[in-house]
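Heads up: the structure comes next, in structure tokens.
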Amino acid sequence: MKFLGSVQVPYHKGNDVLCAAMQKSNQCSHFFQLKNVSFCGYHPKNSKYFGFITKHPADQRFACHVFVSEDSTKPLAESVGKAFQLYYKEFVDYSCPTVDIYLE
């Protein structure tokens, strides 16, 4: 895969946000932590493009990081998505347990 660049985006998730960013990506570097990844996916009309969205650690800003591959990135996006779901489920359940509240 080849890194195409990063672009600031208005929201932290969504295919519309991802697709718009893929059209505007520029070659600049952003450093990010995996815990700040909020969404990932492939372009629905051209699955050779893969991207993920990160939240800035201090500000209410988001960036989309775009990659292109010679082959479909659909398997990559699905694998990364599942890995993050498992990580967040385990991490959030462990570090931030919630209590179900039932109203009658």
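Counted residue by residue at 0.36 nm each, then reduced by the alpha carbon distance between them, the extension gain from LYS45 to GLN85 reaches 12.0 nm. The string of couplings for segment 10-21 from the Karplus curve (6.51, -1.76, 1.60, θ = phi - 60°) is x, 9, 8, 7, x, 5, 4, 5, 4, 5, 5, 5 Hz, one whole number per residue in order, with x for Gly and Pro. Given a Förster distance of 25 Å, report the FRET efficiency between GLN23 and ASP71 from their Cβ-Cβ distance, rounded to the nearest 0.05. Efficiency, from the Cβ-Cβ distance: 0.75.
Bear in mind these aren't lab numbers, they're just calculated from the coordinates by the rules spelled out. Keep in mind that this is a model prediction, so the values were computed, not measured. No Cβ is skipped: glycine too gets one built from the backbone with ideal geometry, and neighbour counts run over all protein chains shown.
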